[in-house]
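S.K.: Please find one structure pasted underneath; my questions will follow.
The values are calculated or read from the model by the stated rules, or taken from the named source; none is laboratory data. What you are looking at is a predicted structure, and each value in this text was computed from that prediction instead of being measured. Heads up, the Cβs are rebuilt from the backbone with ideal geometry, glycines too, and the neighbour counts pull from every protein chain shown. The area values use the complete protein model at the heavy-atom level, side chains included, leaving out ligands, DNA and RNA. Shrake-Rupley method; radii C 1.70, N 1.55, O 1.52, S 1.80 Å.
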Amino acid sequence: MLPLPCAELHLHIEGTLEPHLIFELAGRNGISLPYADAADLAARYAFSDLQSFLDLYYAGMTVLRTEQDFEDMTRAYLRRASAAGVRHAEIMMDPQAHLARGVALETCVNGVAAALATSEAEFGISTALIAAFLRDRPAAEALGVLRELIAIDAPIIGIGLDSAEVGYPPSLFTEVYDLARNAGLKCVAHAGEEGPPAYIREALDILRVDRIDHGIRCLEDDALVERLVADRVPLTVCPLSNVRLRAVDTLADHPLPQMLARGLNVSVNSDDPAYFGGYLDDNVQALEAVFGLGPDALAMLAANSFRSAFLQDDRRTALLAEVDSWLVAVRQSGVS
Ligand code: ADE
Ligand code: ZN
């Protein structure tokens, strides 16, 4: 099986912290964890909804204390992603989750950025960093952190919005997104994961985002689907995440085939792979197995990912050519 060359556009770097690495970093930093071992921790990854996951996600990342910790986590993701076929990664991080527990902004930004700086040379993966804001914390706090990121000239290309969705509509963050856009930053936001289609509309109309993270609940609103199709709005869909967080019962119930049939601009992503049972290749393979997606459909998803990425034109063209070569090679060999 040739790995499908893809861009990963929806990935929380703190969600790549594998149980064994949580234990390793806890040991390094003298932190005692309330779990017997990594297997005991992993056994608790049975989530009932987004919040039940977020509770463990925020607990897990408390082992990150030094720049080296952030760098090691990021490099471990890049190594695994390169094996998965990822050729370009736009990586979200949650600065407020670290600031709130006394870790300096420079520590988390510089640690992640150090691993990203060598990613192309080490793993052949081009990268970009997105600072995501926690929508269940005050918008004024997000605004302050964004101002600080701009003041320290943090190497970010854009901002995102994540954490508990329902009850925290995008419109709360209008000022944050206005500042980001005026500073030349790209804008993305989680919407329509657990929240209603109205949140997707708000993200488009009020935050004026370039991409929607998840967006699966758009299918409940035909007029919205028509608009998303007409405007080619990228939706970064995360199938295994949606199963693990019970947005859908099983992968067979996932709306991805419907979304493709409606002509939506969908890409496949892993979200928080250490928590949801798989990296990008695992998501692709699961879709192949359950829906029988063939090489043409997979190549279209990969091309969507590169077209939806915040890439320079020459890199985008080169990566789209890799998808064409993959399709030729797969057709010749008869296996994907
Ligand atoms: N933070 C990390 N993963 C998330 C997800 N799937 N939804 C919202 N916030 C998140
Ligand atoms: Zn996410």
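S.K.: How do the pairs read when you match residues in the range 232-249 that are in contact (Cβ under 8 Å) with a residue 12 or more places away in the chain with residues anywhere that are within 11 Å of ligand 1 (Cβ to nearest atom) and open to solvent by 30 Å² or more (accessible area, probe 1.4 Å), using Cβ under 9 Å and keeping only pairs 6 or more apart or on different chains?
M.R.: Final answer for the pair search is S241/A247; L245/D49; L245/E194; R246/D49; A247/D49; A247/E194.
S.K.: Scan (1) within 15 Å of ligand 1 (Cβ to nearest atom); (2) open to solvent by 10 Å² or more (accessible area, probe 1.4 Å) for the single condition G278 breaks and write down its number.
M.R.: All conditions are met except number (2).
S.K.: Taking the range 226-244, which residues are buried (at least 24 other Cβ atoms within 10 Å of the Cβ) and under 26 Å from G60 (Cβ atoms)?
M.R.: Correct list: T236, V237, C238, P239, L240, S241.
S.K.: Taking only the range 142-182 into account, find how many residues are in contact (Cβ under 8 Å) with a residue 24 or more places away in the chain and under 20 Å from L116 (Cβ atoms).
M.R.: 15
S.K.: Within the range 146-180, which residues are under 18 Å from R208 (Cβ atoms), among the small types (G, A, S) and open to solvent by 10 Å² or more (accessible area, probe 1.4 Å)?
M.R.: The one that is under 18 Å from R208 (Cβ atoms), among the small types (G, A, S) and open to solvent by 10 Å² or more (accessible area, probe 1.4 Å): S171.
S.K.: Still on this structure, I have one more. Check D40 against each of (1) out of contact with any Lys or Arg (no Cβ under 9 Å at 6 or more places or on another chain); (2) charged (D, E, K, R); (3) within 24 Å of L161 (Cβ to Cβ) and name the one condition it does not meet.
M.R.: (3)
S.K.: Wholly within the range 10-104, which helices (runs of 4 or more DSSP H) include no fewer than the required count, namely at least 3 residues that are within 16 Å of ligand 1 (Cβ to nearest atom) and open to solvent by 10 Å² or more (accessible area, probe 1.4 Å)? Full working, then the answer.
M.R.: Details: elements: 19-28, 38-42, 50-60, 67-83, 95-99.
Fully inside the range 10-104 and qualifying: 50-60.
S.K.: Shifting gears a bit: Looking at (1) open to solvent by 10 Å² or more (accessible area, probe 1.4 Å); (2) touching a residue at least 24 places away in the same chain (Cβ under 8 Å); (3) not in a loop (DSSP other than H, G, I, E, B), which is the only condition G263 fails?
M.R.: G263 satisfies every listed condition except (3).
S.K.: To continue, here is another question. Does V145 fit the bill of being under 26 Å from E202 (Cβ atoms) and either away from ligand 1 (no atom under 16 Å from the Cβ) or part of a helix (DSSP H, G or I) (or both)?
M.R.: Details: under 26 Å from E202 (Cβ atoms): yes; either away from ligand 1 (no atom under 16 Å from the Cβ) or part of a helix (DSSP H, G or I) (or both): yes.
So V145 fits the description; yes.
S.K.: Would it be correct to say that A139 is under 20 Å from F310 (Cα atoms) and open to solvent by less than 60 Å² (accessible area, probe 1.4 Å)? Explain how you work it out, then say what you get.
M.R.: Working: under 20 Å from F310 (Cα atoms): no; open to solvent by less than 60 Å² (accessible area, probe 1.4 Å): yes.
Taking the combined requirement at face value, the residue does not satisfy it.
S.K.: Mind checking which residues of the range 190-219 are open to solvent by less than 40 Å² (accessible area, probe 1.4 Å) and among the aliphatic types (A, V, I, L, M)? Spell out how you get there, then give the answer.
M.R.: Filtering the range 190-219 down to residues open to solvent by less than 40 Å² (accessible area, probe 1.4 Å) leaves 190-193, 195, 197, 199-200, 203-204, 207, 209, 211-216, 218-219.
Answer for the range 190-219, where residues must be open to solvent by less than 40 Å² (accessible area, probe 1.4 Å) and among the aliphatic types (A, V, I, L, M): A191, I200, A203, L204, L207, V209, I212, I216, L219.
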